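Reading through the C-alpha cells given below for one structure.
The values are calculated or read from the model by the stated rules, or taken from the named source; none is laboratory data. The structure displayed is predicted, hence computed values, not measured ones. Reconstructed Cβ throughout: ideal geometry from the backbone, glycine too, with neighbour counts over all protein chains shown.
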Ligand code: ADP
Ligand code: ZN
Ligand code: ZN
C-alpha cells in the first residue's frame, strides 16, 4: 500500500499539495505536524500535514518529503478547521492563513533568507528609499529571498542594498534550514569551587583588599545569597555591586566566580502582588454580569454595551475567573494599541502568572514560547491576552472569548492575506470550542448592536460610570464664528484656551486630539499653487517640522523641505491644514509653563515608545498630551479633567460609508478619557460644522439616535450590516493594463452577478508605491447566498488569470470590512 499526505504550503496556492511518504512515516505523522518538503525546481518549504491517505494525485507525480520536523503536532484540529473557515470566508488560501498564524520561527525555508533584525530599533529616516522598501516588506513577511528583494526594489543587483542593510543592522541573513527554536538562557554566578572552604575564602578576601572593586563584587554576592537564598543572576550582581561587566568577567577569568546558565521562559511574570481579591461588582455591573450569564446559558454571543469607565474590565475579570476555575482556557482580545501595561498589570494582579501576553511587538522567540505553553495547556498560559493574532494560538479547551473594544476597525487585517476581521473570526473560533463569547464596547459597532437588538446576540448594558461619576460635560465650539470674531489663537478657540488654562490651574491634565500627525498635511506655494507630491504615490507630502522634512505617509518617502517652490522658484511656500506637531508648537507659546508631549506614530516607534508616554502621563509628568487616535484606546487616566478635539471636521468628511459611525466612536472614546474620578470632566469639540448631526449625537451621548440614523442610511445605500459587501482591488504598476484588467473583470462579473457590481473606480489615493489601484464593489443583498457570490467571483478570477496580460495584475479581496 502506498501512503500520501496532503500538506498546507505557506504560499498562496488554491489547493493542498500531495507528497509521498513511507509506511513508517505514515505511522509517525499526524495532522498538524510540520514536514520539510521540496517544491518546484529548487525550493524547500516547511509544510503542515493536513491529511494522510492512500490516493496518489491525478495530475502530478508526488515527490517525497525531506524530513519530519515535529514529534507531536504543533497545530491542532480546532485550528485546522478554523483556518479553513478563514480561508473560505475571506477568500484567500489556507497556506496564507498558515503563514500568518504561526510564529515565523516555525516556517523556515531554504536558500538565503533575509530576516528583519528585531533586536535593534531602526530609525527609519536613516534608510535610503530602496532600503526602506525592503525594511517595510519585512514587516509583512517573516523573511525574504534575494529574488523577492529584487522584485521589491525593481532592480537586478540587490547585493549592494543588502550589504548596506546588513551594515546598518537592519537585517540578518540566514542560510540554515529548519533551525530549531532555542530557549533563552539566563546567566547566573556563584563562587568558584575552590573558594568554598572558609580558609581559601579568607585568603581570597585578603588578596582582594588591593582590588576594591573586585572585593565589592564578592561581598555583594554574599549579601545577595544571604537575602535571597536562590540563584543570583549576573545582572543582579552587577546592580548590587555597582561593578561593570568587565570587573565581573575578570573574576570569572580568575575562576574566583563561576558562571552557569538556566533556561528560562522569556515571557516571564515577576510580579509579587498576584491573587489580589477580585473587586465586588456594584449593582449595575452585577446586573450586567447576570444578564451575560443568562445569555451564555443559551449559548449566545453576548454584547456588553457599557459606557466609558463603567467598569467593564471588572466584569470581564469575574468571567475569566469563573472560566479558569472550570479548568478551561480564556482568550481576551484587544486592539493592538490598547494592550497596555496598565491593563496587563491589572490582570496579573488577579491572576498572577496564569496570564500570557501575545502580540506583534513580541519577537519570534517570545511568541514561540506562548504558543508552546498554550499547546501544552500549561496553566501559565491559561489566560491569554493579546491582539488579533492571538486567536491563532493552539487552544484546545477554550471556555471564554472576550473581544474588548469590539467596534475597533483595527481588528481588521488589511495586509497581507488573510484579510480577516478578528472579532468575527473570534466568534467562529469560540463556536468551534463551544465557548462563551462576549463582545464589549462603550460604542458598539452598528453590526453588533443590530445583532443585539434583533436577538441574534444576547445583550447586556451598564449605563453608568463606576462610582456614579458623571459623564463628561460636552461643549461644541463653532470655529467659523470664533474666526469671524477674531477669537482664535492659532488653532485654539478662546473657549478651549480658557478651559485649558483653568484645568492646568487646578492641577488637572489635558488631552488634545488631532487626527493627523506631522505639522501640516499640505505645503503650498502661494504664488503658483504648486504643492509637493510623493513621487511614488498620488498624495501630497506632509510637512514634519521637527525633522524639517516632507514625508509620505503611505510609502515613507521623504525629502528635506525645499527653500523655494520647485515649480516657480518663489520663496512663498506656505502650509495648509494642521497636525499634532503644529498643535504642540502652538502650545509652547500659549502655555509655556506646561509640560507638553505628543503621542502619535512618530513618537511611539519601538517596542516601548507608547508605554513610556502613557506611564509618564499617568504619573503626571506631562500636563498636556497631544495625540492622534492612539489616545482613544481604553486608557484609564485618573487626573484628566479636560479633553479637547481640535477639529472634528476631518473625521466627518471621510469618503467611507462608516465615516460617521467611526467619528461617533472616536469622539465618544476620546471624550471618555475625561473625568474618570469624582470631578466631572469637560470636553470641548471644535468644528466648522457644530450643527452636524453626528456631533450633536456625540455631545448628548445619543448612541441610540446615531445607531438608528446610520442603520437607515446603510439600508438605503445597500451597505452592511443588512447587506454584505466585497471589495475587489486591482493593483499594477502600468496604468493602462490596470484599467483594462479592472474593466474586463467588472464586465465578466456583471455577466454573472448583474447590477450589484459597482465600479471599477479609483480609490481616493489611486497610486501607492508606484502601483496603481482600482476597486470594484460587490453588494450582496439580504437573502442572496454569500458563498454563491464568492464562488462566482473565484470562477471569474480563474478565467481572468488565464488571460496572459492580466496574470501580473494583483487581485485583492476584502470581505465585509473594506
Ligand atoms: P471601562 O473599561 O468600562 O472603561 P474600567 O473597567 O476601566 O472601565 O473601570 C473604570 C475605573 O473604575 C477603573 O479604575 C476601575 O478600577 C474602577 N472600578 C470598576 N469597577 C470597580 C469595582 N467594582 N470596584 C472598585 N473599582 C472599580
Ligand atoms: Zn510656486
Ligand atoms: Zn509615497
Number of positions in the range 571-593 that are within 16 Å of ligand 2 (Cβ to nearest atom) and at pLDDT 95 or above: 0
In the range 520-547, residue surrounded by the most Cβ atoms within 10 Å (Cβ to Cβ) [restricted to those that are farther than 15 Å from residue 579 by Cβ and away from ligand 2 (no atom under 15 Å from the Cβ)]: 534
Quick one: how many residues across the range 404-425 are surrounded by fewer than 24 Cβ atoms within 10 Å (Cβ to Cβ) and over 28 Å from residue 76 (Cα atoms)? 1
Criterion first (farther than 29 Å from residue 481 by Cβ, surrounded by 22 or more Cβ atoms within 10 Å (Cβ to Cβ) and within 16 Å of ligand 1 (Cβ to nearest atom)) does residue 637 satisfy it? no
Residues that are crowded, with 24+ Cβ neighbours inside 10 Å and either without any contact (Cβ under 8 Å) to a residue 12 or more places away in the chain or under 24 Å from residue 449 (Cα atoms) (or both), drawn from the range 386-398: 386, 388, 391
Within the range 493-500, is there a residue that is modelled with pLDDT under 95 and either surrounded by fewer than 18 Cβ atoms within 10 Å (Cβ to Cβ) or within 16 Å of ligand 1 (Cβ to nearest atom) (or both)? no
Strands (runs of 3 or more DSSP E) contained entirely in the range 482-548, each with at least 1 residues that are within 16 Å of residue 625 (Cα to Cα): 509-513
All conditions in (1) in contact with a strand residue (DSSP E or B) (Cβ under 6 Å, 6 or more places away or on another chain); (2) modelled with pLDDT of 95 or more; (3) surrounded by 14 or more Cβ atoms within 10 Å (Cβ to Cβ) are true of residue 53 except (3)
Residue 619 being closer than 30 Å to residue 363 by Cα, away from ligand 2 (no atom under 16 Å from the Cβ) and loosely packed, with under 14 Cβ neighbours inside 10 Å: yes
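The rows are residues; the columns are (1) away from ligand 1 (no atom under 16 Å from the Cβ); (2) in contact with a helix residue (DSSP H, G or I) (Cβ under 6 Å, 6 or more places away or on another chain); (3) within 24 Å of residue 125 (Cα to Cα); (4) not in a strand (DSSP E or B).
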residue: 566; (1), (2), (3), (4): yes, no, yes, yes
residue: 570; (1), (2), (3), (4): yes, no, no, yes
residue: 581; (1), (2), (3), (4): yes, no, yes, yes
residue: 584; (1), (2), (3), (4): yes, no, yes, yes
residue: 593; (1), (2), (3), (4): yes, no, no, yes
residue: 601; (1), (2), (3), (4): yes, no, yes, yes
residue: 606; (1), (2), (3), (4): yes, no, yes, yes
residue: 611; (1), (2), (3), (4): yes, yes, yes, yes
Which residue out of 642, 635, 625, 666 is assigned to a loop (DSSP other than H, G, I, E, B) and within 26 Å of residue 342 (Cα to Cα)? 635
Is at least one residue of the range 535-542 more than 16 Å from ligand 3 (Cβ to nearest atom) and within 26 Å of residue 613 (Cα to Cα)? no
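Among 401, 428, which is the only one that is crowded, with 24+ Cβ neighbours inside 10 Å and not assigned by TED's automatic domain parsing to the domain that holds residue 87?
Answer to the check: 401.
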So residue 444 clears everything in (1) within 16 Å of ligand 1 (Cβ to nearest atom); (2) exposed (fewer than 14 other Cβ atoms within 10 Å of the Cβ); (3) assigned to a loop (DSSP other than H, G, I, E, B) except one condition, right? Which one? (2)
In contact with a strand residue (DSSP E or B) (Cβ under 9 Å, 6 or more places away or on another chain) and either within 16 Å of ligand 3 (Cβ to nearest atom) or in the same structural domain as residue 632 (by TED's automatic domain parsing) (or both), is that true of residue 498? no
Of the residues in the range 43-67, those that are in contact (Cβ under 8 Å) with a residue 24 or more places away in the chain, in a loop (DSSP other than H, G, I, E, B) and over 28 Å from residue 418 (Cβ atoms) come to 54, 55, 56
What is the one condition in (1) within 16 Å of ligand 2 (Cβ to nearest atom); (2) surrounded by 21 or more Cβ atoms within 10 Å (Cβ to Cβ); (3) under 18 Å from residue 514 (Cβ atoms) that residue 565 does not satisfy? (3)
Restricting to the range 290-312, and then to whatever is part of a helix (DSSP H, G or I) and touching a residue at least 40 places away in the same chain (Cβ under 8 Å), can you tell me which residue is nearest to residue 78 (Cα to Cα)? 296
